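To start, the structure under review is shown below, and the notes come after it.
The values are calculated or read from the model by the stated rules, or taken from the named source; none is laboratory data. Owing to the predicted nature of the structure, the values given are computational and were not obtained by experimental measurement. Note that we place each Cβ from the backbone using ideal geometry, even for glycine, and neighbour counts take in every protein chain shown. Just the protein is used for accessible areas: all its heavy atoms, side chains included, with ligands, DNA and RNA removed. Shrake-Rupley method; radii C 1.70, N 1.55, O 1.52, S 1.80 Å.
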Amino acid sequence: YIYVSDMDDTNNGSSSDVYIFNSTIKFAPSNNGYSFVFDINTTGDIRIIDSEINATNFETSKIELEGSNIWITNSTLWSGTKYGGSGCYSGCTSEDLYSDLNIYGSDLEITNSLLHSRTEAPSLNSDYRYYMKTYNDVEISVDNLEIIDSSLTTYSYMNRIQWSNSYRSVYSDIRIEATSFESDNSTIMIEVGSPSDHNSGYIYSELDIVIG
């Protein structure tokens, strides 16, 4: 269930705290070209417990949380895009994939959870007139960050990366800004799958962790 209430008085609704417990929010369209946005912006706290928020097969996908104190426990946040076509004909960018996972707040505690951003373009053809770029972007900006027994990851795959970065290319970034940061038995990783058909190396990844 999902509460929007005061955590100290859940029987009385308010616009402050958001509580998602034992819930599944999952969307997987059968065709390309759709957009998914899950956005919580509150001055109160956000608690996501024993839950899954999952988007896949979209062209653009964004999960964004902004609050005061944010707890993510035994949960999955999965922002995923997938393109099954040949590419975007004649220099266009309308088929490009964008996956975003953003969290902003004061204190963020992630425990026994998976936070993941994903892009996949597995069926591009060998015609140079068909373009494709994919973008994974994970951004966390908080005062205090604690990650315990959890994973914060991106995955990108394109079967053909070739000609130049303006034709076919992969971008994947994780940016973390915090005043204090503690990680215990956890994984922070950018992964790019090896192209199955052609790889000219137009792969751009960046992992930035700024503390202080």
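Some observations on this one:
- Portion, in percent, of the accessible area of the stretch 84-198 that falls on carbon or sulfur, probe 1.4 Å: 38 percent
- Solvent exposure of the chain amounts to 45 Å² per residue of accessible area, where only protein heavy atoms count and the probe is 1.4 Å.
- Labels on offer are (1) -1.04, -1.13, -1.22; (2) -1.24, -1.35, -1.44; (3) -0.92, -1.01, -1.10, and the one holding log10 I(q)/I(0) by the Debye sum over Cα atoms at q = 0.15, 0.16, 0.17 Å⁻¹ computed from this structure is (3).
- The chain - share of DSSP beta bridges that are antiparallel (%, nearest 5): 10 percent
- Between the stretch 81-117 and the stretch 124-182, the alpha-carbon center distance in angstrom: 7 Å
- Label zone (Asp50, point 7 Å along Cα-to-C-beta; backbone nitrogen cut-off 19 Å) within the stretch 61-83: 71-77.
- The stretch 43-55 - phi-based ³J(HN,Hα) in whole Hz, Karplus 6.51/-1.76/1.60, Gly and Pro as x: 7, x, 8, 10, 10, 10, 10, 6, 9, 9, 10, 9, 10
- For Ile103, the amide hydrogen comes within under 5 Å of the amide hydrogens of Leu65, Glu139, Ile140, Ser141, counting only partners 5 or more places away or on other chains and with H modelled in the peptide plane.
- Asn199 long-range amide H proximity, modeled H, under 5 Å: Ile161
- Under the criterion of Cα pairs below 8 Å and six or more residues apart, the relative contact order for the chain equals 15 percent.
- Database remark: amide H of Asp173 closer than 5 angstrom to the amide H of Asn136, Asp137, Val138, Glu206 (H placed geometrically; neighbours at sequence offset of 5 or more, or on other chains; Pro and chain starts carry no H).
- Couplings for the stretch 67-73, taken from phi via the Karplus curve 6.51 cos²θ - 1.76 cosθ + 1.60 with θ = phi - 60°, read x, 7, 9, 10, 10, 10, 9 Hz in order; Gly and Pro are left as x.
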